[in-house]
Amino acid sequence: MSTSTTDPMIGRLIDGRYHVRSRIARGGMATVYLATDQRLERLVAVKIMHVHLADDSQFKARFIQEARSAARLAHPNVVNVFDQGQDAESAYLVMEYLPGITLRELLQEYGALTPQQTIDIVEAILAGLAAAHKAGIVHRDLKPENVLLADDGRIKIGDFGLARAASAATAAGAALLGTIAYLSPELVTRGIADTRSDIYAVGIMMFEMLTGEQPYKGEQPMQIAYQHANDSVPAPSTINPDVPAELDELVLWATARDPEQRPADARALLDQVTETARSLETSLSATGPQKTMVFTTPLVSRSSTAETQVLGVRGGAGPATTAPGAPSSATGELARATSSRRRRGWILLALVLALAGLAAGIGWWFGAGPGAMVTIADVRGQSPDSARAGLLDQGLLVSDEMSRAFDLEIAAGQVLGTDPPAGEAVPRESTVTIIVSRGPEPTTVPAIAGVPEAEARQLLDDAGFVVDEKPIAQIDAGIAPGSAIGVVSIGEDGAETALAEGGESFRGTEVSLIVSLGPLPDVVGVEPATAAAAFEALGLTAVVGGDSEFSTDIAEGLVLRAVAAEEGPIRPGDAFTLIVSRGPDLVEVPEVVGLTIREAVDILLAADFQVDVRTVIPEDQWDNGLAVVTSIEPEAGTRQLRGSTIIVRAVF
């Protein structure tokens, strides 16, 4: 468990309703947190726009657009949006929380998927996308990271952050906001997107699911973008021979370079995928060759632009006569053909130059321009001036306004972290905000002794302590079972330090709650086995040991008392020794009748009895052989308690 966090949002209450618990993911525009909706008592995902973008009206409008776009969709395969608003400087969006993984994580773990798995996922994606297209919304950023696979089997599309109305024009360069590996050729070359651009992205994802890799690779993003603009996506079966021909054709149809050759929208592709799925149920189990699917829309344009010219003269008629200065028919045809070839040559040259310019522009954008990616350096623990200089050297912009947050580890005035955090890749010239530590945040230890555990935890949580989920159980006769005894912090060496109620401490300190198990069991006078079971029920161990002892109160063989092996607080795992009673300590009374008084007294004292002599004979004559013991009580031969009194009577 971490003792501190560099994210000041964790622990905050947004708009008096959403309590931020932890960070789920971070993107270019916003960070997604897991939070508790305290009004409806449910877990939600809260997407909060980055602070440094709050003053940018364009980004803010795009963020609000996501909420409106997603809120217009009510479909089982689209992440639901519950709320949208602004808290202080942060615009936020509240969505349903889906515990699970993304399609990207699934592909990273399993590589290529089976045809049936691919179809199942694609059908769910297209169903949600069809609802978006019907509502006039183009997603524009479809990729495996935005496909959520919930633990309960649901598949949903999320992150409509780049969504636009299907009829809206797209500004030049906006295509670069999407993920380069899934951008359609028209987005790369013209910056224009419509429903067919989403279809292209679905086709690329199908290829990746069937083969375990993307169709285009390159060391630089511009290389991948160039391939999207100029190459045709290969059939998945060229990489994975197990892919059926039907799925090959679906991928080629969806990823046609010409948008006119693709399905018009997600509904058109979904209908064909559904039909293909039914067909594969038969074809995959057939023993004959696979059949070829016939689609209602051509998958690949097969039109030809070249035709064959037949040049010559009429056979057998001899040279044709023509007007003066006019070319022969054959010469005219040849001239026109040559002119046509020359025009095609210039057009081809212009196209090559345009593509070269595009490649150079994309190369500049991603290599040295605003699109170049920079990994934010770790400046934690540095001075603000040193951190600022290091970030500027990376080609980043540093906000003049620094955030401040409390931290247990970083001294006040030193850099606690950055927003975005260290290790995140961002475009060159992105604005980074430095977060400066305010040092540990003071707090007061609440009074929790005798308070039920749940209430004690809440008091400590409200005071800013990080309470270990597992309490320390301890025997305490004065505190009711299940109630708090106290709270301790545990050092690296395992030593416990008690925190006094009302004392000063710091928020974020890790503590452990000590909870009472109640008193030790009363085992005096019970069978040893029963006593051991009672101790075991509390997590303690107890065995018979040590020397048994005489007892006039506890019968022989029963427990006389329990002795702890060590001093200090008693906790589960501690050991006890059970001392067993030997019963009363009885001694046989010796025979002393007929002996002199002095002899009788000496014998009884030696047997550990007390002696009460009752006689009129003076003590100085007790050795006289005429002064003898006539009787004793109790009688000789009986067993009496060691140390009890024997009455002796004597006469001359």
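What follows is calculated from the coordinates using simple rules that are stated; it is not laboratory data. All of these numbers come straight from a predicted model, not from anything done at the bench. Neighbour counts run over all protein chains shown; Cβ positions are idealised from the backbone, glycine included.
Near the amide H of residue 507, under 5 Å away, which other amide H atoms are found, from residues 5 or more places off or on another chain, if H is placed in the peptide plane?
441, 443
Could you line up 138, 78, 46, 374 from fewest to most neighbouring Cβ atoms inside 10 Å? The partial results should precede the final answer.
Details: 138 26, 78 23, 46 30, 374 17.
Final ranking by Cβ density, sparse to dense: 374, 78, 138, 46.
When the chain is fully extended, how far beyond the present Cα-Cα distance does residue 510 get from residue 461, taking 0.36 nm per residue of separation?
Numbers: separation 49, 0.36 × 49 = 17.64 nm, distance 1.06 nm.
Once the chain is fully extended between residue 510 and residue 461, it gains 16.6 nm.
Which part of the stretch 420-450 falls in the paramagnetic zone of residue 500, meaning amide N under 20 Å from the point 7 Å along Cα-to-beta-carbon?
Only 442-450 pass the distance filter.
Please compute the net charge surrounding residue 625, taking Lys and Arg as +1 and Asp and Glu as -1 over other residues with Cβ under 13 Å from its Cβ. Show your work: numbers first, answer last.
Numbers: positive: 598; negative: 599, 623.
Around residue 625, the surrounding residues sum to -1.
Show me 489-502, 111-124, 520-533 ranked by packing, highest mean number of other Cβ atoms within 10 Å first.
111-124, 520-533, 489-502
Across bins of 5 angstrom width beginning at 0, how are the C-alpha pair distances of the stretch 373-437 distributed, in whole percent?
4, 21, 34, 24, 12, 5, 1
With an 8 Å cut-off on Cα pairs and a minimum separation of 6 or more residues, tell me the relative contact order of the stretch 528-584 in percent.
Values: 117 pairs, mean separation 25.5, N = 57.
RCO, the stretch 528-584: 45 percent.
Please give, to one decimal in nm, the separation of the simple spin-label points placed at residue 548 and residue 386, each 7 Å out from Cα toward the Cβ.
Taking the simple label geometry, residue 548 and residue 386 are separated by 7.4 nm.
Let me check against my output: what whole-number percent is the relative contact order of the stretch 442-516, with C-alpha pairs under 8 Å and at least 6 apart? Could you put the intermediate results ahead of the total?
Working: 155 pairs, mean separation 34.7, N = 75.
Contact order relative to length: 46 percent.
Tell me, in nm to one decimal, what length is gained between residue 599 and residue 274 on full extension, where the rule is 0.36 nm per residue of separation less the Cα-Cα distance?
Numbers: separation 325, 0.36 × 325 = 117.00 nm, distance 11.81 nm.
Here the segment from residue 599 to residue 274 would lengthen by 105.2 nm.
I want the local charge near residue 381. Using Cβ-Cβ distances under 12 Å, sum +1 for each Lys or Arg and -1 for each Asp or Glu among the other residues.
Values: positive: 380; negative: 378, 407, 409.
Net charge in that neighbourhood comes out at -2.
Provide the FRET efficiency to the nearest 0.05 for the residue 110-residue 258 pair, computing r from the beta carbons and using R0 = 35 Å.
Numbers: r = 33 Å, r/R0 = 0.95.
Computed FRET efficiency for residue 110 and residue 258: 0.60.
Among 564-576, 31-43, 225-237, how do they line up from the highest to the lowest mean number of other beta-carbon atoms within 10 Å?
My ranking of the peptides, most packed first, is 225-237, 31-43, 564-576.
Computed FRET efficiency, Cβ-Cβ of residue 151 and residue 644, R0 56 Å: what is it to the nearest 0.05? Please report the intermediate quantities before stating the final value.
Details: r = 78 Å, r/R0 = 1.39.
It comes out at approximately 0.10.
Checking the table 47/470; 47/156; 156/470; 47/217 against a 27 Å threshold on Cα-Cα, which pairs fail? Numbers along the way, then the final one.
Working: 47/470 31 Å; 47/156 17 Å; 156/470 36 Å; 47/217 32 Å.
Where the Cα-Cα span goes over 27 Å, the pairs concerned are 47/470; 156/470; 47/217.
Can you quote the Å³ per residue value for the convex hull of the Cα atoms in the stretch 172-282, rounded to an integer?
Details: hull volume 10.2 nm³, N = 111.
Output value, Cα hull per residue: 92 Å³.
When DSSP beta bridges are limited to those with both residues in the stretch 442-516, what percentage is antiparallel, rounded to the nearest 5? Walk me through the numbers on the way to the answer.
Details: 11 of 16 bridges.
Close to 70 percent.
Once you keep just the Cα pairs under 8 angstrom separated by 6 or more residues, what percentage relative contact order results for the stretch 373-437?
Working: 135 pairs, mean separation 31.0, N = 65.
RCO, the stretch 373-437: 48 percent.
Label residue 582 and residue 616 with points 7 Å out from Cα along Cα→Cβ: what is the distance between them in nm?
Once both label points are built, they end up 4.5 nm from each other.
Using the reciprocal of the averaged 1/r over all distinct C-alpha pairs, how large is the Kirkwood radius of the stretch 509-652 in Å? Intermediate results must be reported in sequence, preceding the final value.
Working: mean 1/r = 0.0527 Å⁻¹.
Final number for the Kirkwood radius of the stretch 509-652 is 19.0 Å.
Arranged by the count of other C-beta atoms within 10 angstrom, fewest first, what order do 547, 602 take?
Values: 547 7, 602 14.
So the ranking, lowest neighbour count to highest, is 547, 602.
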